[in-house]
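Worksheet for the structure shown next.
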Amino acid sequence: MPRYGMVIDLERCVGCRACMEACKVENNTPQGAFWMYVFRLEQGEFPDTQMQFVPRPCQHCDNAPCVKACPVGARYKREEGMTVTDWDRYIGCRDCEVACPYGVNYFNYKSPKKNPYWDWKDPDVAAITGGASPGYDNPDLDEKWDTEKRHIAGGGHAKGIMEKCTFCVPRMEQGLKPACVANCPPFALKFGDLDDPQSDVSHLLRNRRSFRLEEGMNTQPRVHYFETPPKEPAREIERPKTKV
Amino acid sequence: MSIDPRIRGSGTQVDRWLPVKPGTDLAFALAVCNLVVRQDTIDRDYLTKHSNSPYLVQGDGHYVRRDDVEQVWDTIPSSLMPRDAEGIEPALEGAFTVDGVAVRTAFQVFKEHASQYTPGWAAGMCGLTADGIREVARELDDNAMIGSTIMVDGVEVPYRPVGIVAYHVAQQEMGFQALRTMCMLMMMLGSMGAAGGQQIDFSWKVHKNYEGLDKIEIDETPNIHLNKCKFWPINSNNSSVVAKVMQDPGKYDVEFVPETAIIHMVNPLASFASAPDIVKAYKMLKFVAVIDPWLSKTADMFADIVLPAATIEKYEGPLSATDAYIDATALRIPPIDPMFESRGEIDIYLDLCERAGMLTGEGGYLDEINKALKLDDDFALPLNAKPTVRDIFDRWAKSDGTEEGIEFYEREGIKIKGPFAPTKRYGYVSDLPFGGAVHRLYGESLQVLQEKMIDLGVPEMYWQDYTALPTWRNPTMNGSPAEYDLNLIGFKLIEFKQGRVSMIPLLAELAPEQRLDINSKTARAKGIEDGDRINVESHNAVTNETRVIETKAHFRKRSDPTLSACLTTTARWPDIHGPRAKARTRTN
């Protein structure tokens, strides 16, 4: 059984946010929800200033607080380690969102039907899109996945459902990399089996310094970053649209 | 090193950020040249053999010529010789006397000219420290490796691992001379066409190119684009200039003004400066057809008819897929049929030309396609029958040596021709180095143009920068009243590189609103808080015109306190989130 993980090379990342868009197209996420998010950070004061870009997917923790917090087992870990949400079981308590220290959970307070732009004949949507062509409506998202055949490809995009990054479960089950990894222009994102010593993620982790986010909280994330975290308080700039 | 008013995305990748003041890149570049000359990081061999640096220059700035040929000073024996004489060793530097007249080599003239542009002088001008500028020159000295070579695929190529990427530097007053100075800097280092160095195109023939540059004529009645006009002899096509000319053709000696326009895959009202001029000019057009995938702002306001265009669902090309080392060609192959009523543009033009009686026969659209695609006689389109677009590219592919024709590209997408031979990649080692071209360090032709412009009575503002050597002058923006205390630039985010993508709602989520980046201390001193709605007013010191836009303040700790930067491309059309920035003009 593979043990999947991701490595993110902060020295390669140029903050282009192609991964955010790739995720959005693949997973048809509602407006304002970015399951893969890239922080654009500035540090210091002019003229001694630095920039850093930090992509942040769900960390798919091995000691996931969200899994422990879920009272009904809707949030669970798959055998290869992906932390996923079965939206048929979901009850809307949002304990997972409260428990997660990374802020990767996105809750649909209202029906996101108009948000992903595929309901494009709707007059309210048309006012936004100008009648332009609809986005890609991914049929995989409505299918059941995993050996137990559960609705875990995202979150169903319904009102009252929590959604987050799944490392693109449908793509993984078809032997593909997550959409963010597949689309990264400078190859800053890599994905593979951490238990396979020949995989590129294992090779990279052996040869470079790495860290994980919020290591002190013992969440044991599956996402590793090269090489060192931002040193001083960093300020976020250029936030996208995050409120609807 | 990043030399930029804004640190941008490259900030994570560079060793040093030099926050140059907008509009002062020429001062910086001249200072680096000054230092490179003083520290003698000069590739004498390249300058002497492959540039016009040895040409002798008279006191009036013109070359010494005999029988129309530029002259050099042969050092062994000391005598005047034509530049193209065999077996000579021209002097690169020095002053000489020829027929009683004092002359200097072009490089000597440049050295003396550059001596005034010290780092201390430049620092005051361009907002960098003198030490920062010295560091650039030192790094170039440490890394230029003048005289070294490296083996590339069995060929010995000069090795100069120094270069400049200067994108859009020309988009400022004196920008052309700023870019030219940077090229001259690379020339002094011998980096042009070297391995690891500045890459250039040397595939044009010497004779035709040189003649073109040295014999630019000024037309008495230029076209609407003002090519070769007395105000701007060296220019590139610019829709904003056309808009100005249309409003007052007499001012520019232009006789013919367009009455109709086909606006093809461009949105001038949203993309080009200045919107009020575009509006006035386009209102004069009697008929406007727009070819576009979207109902653009321009189409909405001006189109009498809109022909919907396909985006990627069409055949298009050939497209170069060549990178630094591999020569490759691609064709755009439609993944699906065009959607709704849209069509590929070649389809549209085939129909338009057919209706207009311009499709067939010599000089018709099909004839032009044959020439543009350089189709062999065996594969040229017959001039009497309308082809399909697929057929056009099938013929091109076969004419280009791909036996399978278009099917190859439909299957593979890209044809890899293979790695470049070093002799085709590096100018130094091509057969006739640099195609036989002599690179221009000293620009006598620019001075010739200036003299012609003066003769024609053109005001100084237009000819002042046509100088043989780049020369600093005070940018006009410094003449604005003191209350305009900040420098304003426009910038784009990487996710909105081109204005045309502002129509895409998914990208609009990433950059939903226009805003002004401003240093937090500077803003607070003006009573502005992060997120406030503000008015930004700019002033043109030449025309005394002011323009105002309303936007939102976005604090940056790391920008220069005197810099404000306006996000120019974002989700503006249609209006998606929040107030749309309104442009108002007030002229005094």
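The values are calculated or read from the model by the stated rules, or taken from the named source; none is laboratory data. Nothing here was measured: the structure is a model prediction, and the numbers come from that model. Cβ sites come from the backbone with ideal geometry, for glycine too, and all protein chains shown count toward neighbours.
Within the set B:Ile164, B:Ile146, B:Ile150, the sole residue that is of a type in the set (A, V, I, L, M, F, W, C) and either farther than 28 Å from B:Arg44 by Cβ or at pLDDT below 95 (or both) turns out to be B:Ile164. Against the conditions (1) surrounded by fewer than 16 Cβ atoms within 10 Å (Cβ to Cβ); (2) within 30 Å of B:Pro158 (Cα to Cα); (3) among the charged types (D, E, K, R), B:Asp68 satisfies every one except (2).
Could you name every one of the helices (runs of 4 or more DSSP H) located completely within segment A:135-225 that has at least 2 residues being under 30 Å from B:Gly9 (Cα atoms) and out of contact with any strand residue (DSSP E or B) (no Cβ under 7 Å at 6 or more places or on another chain)?
Values: elements: A:169-173, A:179-183, A:200-207.
So the answer is A:179-183, A:200-207.
Would you say A:Ala153 is aliphatic (A, V, I, L, M), surrounded by 16 or more Cβ atoms within 10 Å (Cβ to Cβ) and modelled with pLDDT under 95? Here the answer is yes, as A:Ala153 does meet what is asked. Across segment B:165-183, the qualifying residues are those that are of a type in the set (A, V, I, L, M, F, W, C) and not in a helix (DSSP H, G or I), and the one among them that is farthest from B:Asn487 (Cα to Cα) is B:Val165.
Residues being touching a residue at least 40 places away in the same chain (Cβ under 8 Å), within 14 Å of chain A (Cβ to nearest Cβ) and surrounded by 16 or more Cβ atoms within 10 Å (Cβ to Cβ) are represented in segment B:332-347 by at least one member.
Restricting attention to segment B:302-326, the residues being loosely packed, with under 15 Cβ neighbours inside 10 Å, modelled with pLDDT under 95 and among the hydrophobic types (A, V, I, L, M, F, W, C) number 4. The set of residues from segment B:312-327 being farther than 15 Å from B:Ala421 by Cβ, touching a residue at least 40 places away in the same chain (Cβ under 8 Å) and more than 22 Å from the chain's Cα centre (by Cα) comprises B:Lys314, B:Tyr315, B:Gly317, B:Pro318.
Run down B:Thr388, B:Thr329 and say which single residue is buried (at least 18 other Cβ atoms within 10 Å of the Cβ) and either within 14 Å of another protein chain (Cβ to nearest Cβ) or within 17 Å of B:Tyr409 (Cβ to Cβ) (or both). So that I can check it myself, show each step before the final result.
Values: B:Thr388 fails: buried (at least 18 other Cβ atoms within 10 Å of the Cβ).
That would be B:Thr329, the only listed residue that is buried (at least 18 other Cβ atoms within 10 Å of the Cβ) and either within 14 Å of another protein chain (Cβ to nearest Cβ) or within 17 Å of B:Tyr409 (Cβ to Cβ) (or both).
Does B:Pro5 satisfy the condition of being of a type outside the set (A, V, I, L, M, F, W, C), more than 16 Å from B:Phe110 (Cβ to Cβ), outside any strand (DSSP E or B) and touching a residue at least 12 places away in the same chain (Cβ under 8 Å)? For B:Pro5, the condition - of a type outside the set (A, V, I, L, M, F, W, C), more than 16 Å from B:Phe110 (Cβ to Cβ), outside any strand (DSSP E or B) and touching a residue at least 12 places away in the same chain (Cβ under 8 Å) - is met. Summed over segment A:45-68, the residues that are within 14 Å of another protein chain (Cβ to nearest Cβ) and in contact (Cβ under 8 Å) with a residue 12 or more places away in the chain give a count of 5.
The set of residues in segment A:193-216 that are surrounded by 11 or more Cβ atoms within 10 Å (Cβ to Cβ) and closer than 22 Å to A:Pro65 by Cα comprises A:Leu194, A:Phe211, A:Arg212, A:Leu213, A:Glu214, A:Glu215. Evaluate the following for B:Tyr428: is it assigned to a loop (DSSP other than H, G, I, E, B) and touching a residue at least 40 places away in the same chain (Cβ under 8 Å)? For B:Tyr428, the condition - assigned to a loop (DSSP other than H, G, I, E, B) and touching a residue at least 40 places away in the same chain (Cβ under 8 Å) - is not met. A:Glu232 - would you say it is away from chain B (no Cβ under 11 Å), surrounded by fewer than 16 Cβ atoms within 10 Å (Cβ to Cβ) and either without any contact (Cβ under 8 Å) to a residue 40 or more places away in the chain or closer than 19 Å to A:Cys58 by Cα (or both)? No: the conditions fail for A:Glu232. Can you say whether B:Glu255 is surrounded by fewer than 14 Cβ atoms within 10 Å (Cβ to Cβ), modelled with pLDDT of 90 or more and in a loop (DSSP other than H, G, I, E, B), as far as the supplied structure shows? It is true that B:Glu255 is surrounded by fewer than 14 Cβ atoms within 10 Å (Cβ to Cβ), modelled with pLDDT of 90 or more and in a loop (DSSP other than H, G, I, E, B). When segment B:171-216 is examined, which residues are found to be within 27 Å of B:Trp463 (Cβ to Cβ), polar (S, T, N, Q) and modelled with pLDDT under 75? Hit for segment B:171-216 is B:Asn209, nothing else. Within segment B:157-164, the presence of at least one residue that is under 23 Å from B:Ala468 (Cα atoms) and either within 28 Å of the chain's Cα centre (by Cα) or not in a loop (DSSP other than H, G, I, E, B) (or both) is confirmed. Which of the residues belonging to segment A:1-18 are of a type in the set (A, V, I, L, M) and at the interface with chain B (Cβ under 10 Å from one of its Cβ atoms)? Those that are of a type in the set (A, V, I, L, M) and at the interface with chain B (Cβ under 10 Å from one of its Cβ atoms): A:Leu10, A:Val14, A:Ala18. Applying a threshold of 7 Å to beta carbon distances and a minimum spacing of six or more residues, or different chains, the list of pairs starting in segment B:87-99 at a residue that is in a loop (DSSP other than H, G, I, E, B) and ending at one that is small (Gly, Ala, Ser) reads B:Leu92/B:Ser53. For segment A:19-37, the set of residues classified as in a helix (DSSP H, G or I) and either at the interface with chain B (Cβ under 8 Å from one of its Cβ atoms) or surrounded by fewer than 22 Cβ atoms within 10 Å (Cβ to Cβ) (or both) consists of A:Met20, A:Glu21, A:Ala22, A:Lys24, A:Val25, listed by residue number.
Every residue, every condition in (1) of a type in the set (Phe, Trp, Tyr); (2) over 22 Å from the mean Cα position of the chain (by Cα); (3) farther than 30 Å from B:Asp99 by Cα, yes or no:
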| site | (1), (2), (3) |
| --- | --- |
| B:Gly11 | no, yes, yes |
| B:Val14 | no, yes, yes |
| B:Trp17 | yes, yes, yes |
| B:Pro22 | no, no, yes |
| B:Leu26 | no, no, yes |
| B:Ala31 | no, yes, yes |
| B:Leu35 | no, yes, yes |
| B:Asp45 | no, yes, no |
| B:Asn52 | no, yes, no |
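Among the residues of segment B:21-37, are any under 23 Å from B:Ala114 (Cα atoms) and within 14 Å of chain A (Cβ to nearest Cβ)? Taking every residue of segment B:21-37 in turn, at least one turns out to be under 23 Å from B:Ala114 (Cα atoms) and within 14 Å of chain A (Cβ to nearest Cβ). Scanning segment B:393-411 for residues that are over 13 Å from B:Gly317 (Cβ atoms) and among the aliphatic types (A, V, I, L, M) turns up nothing.
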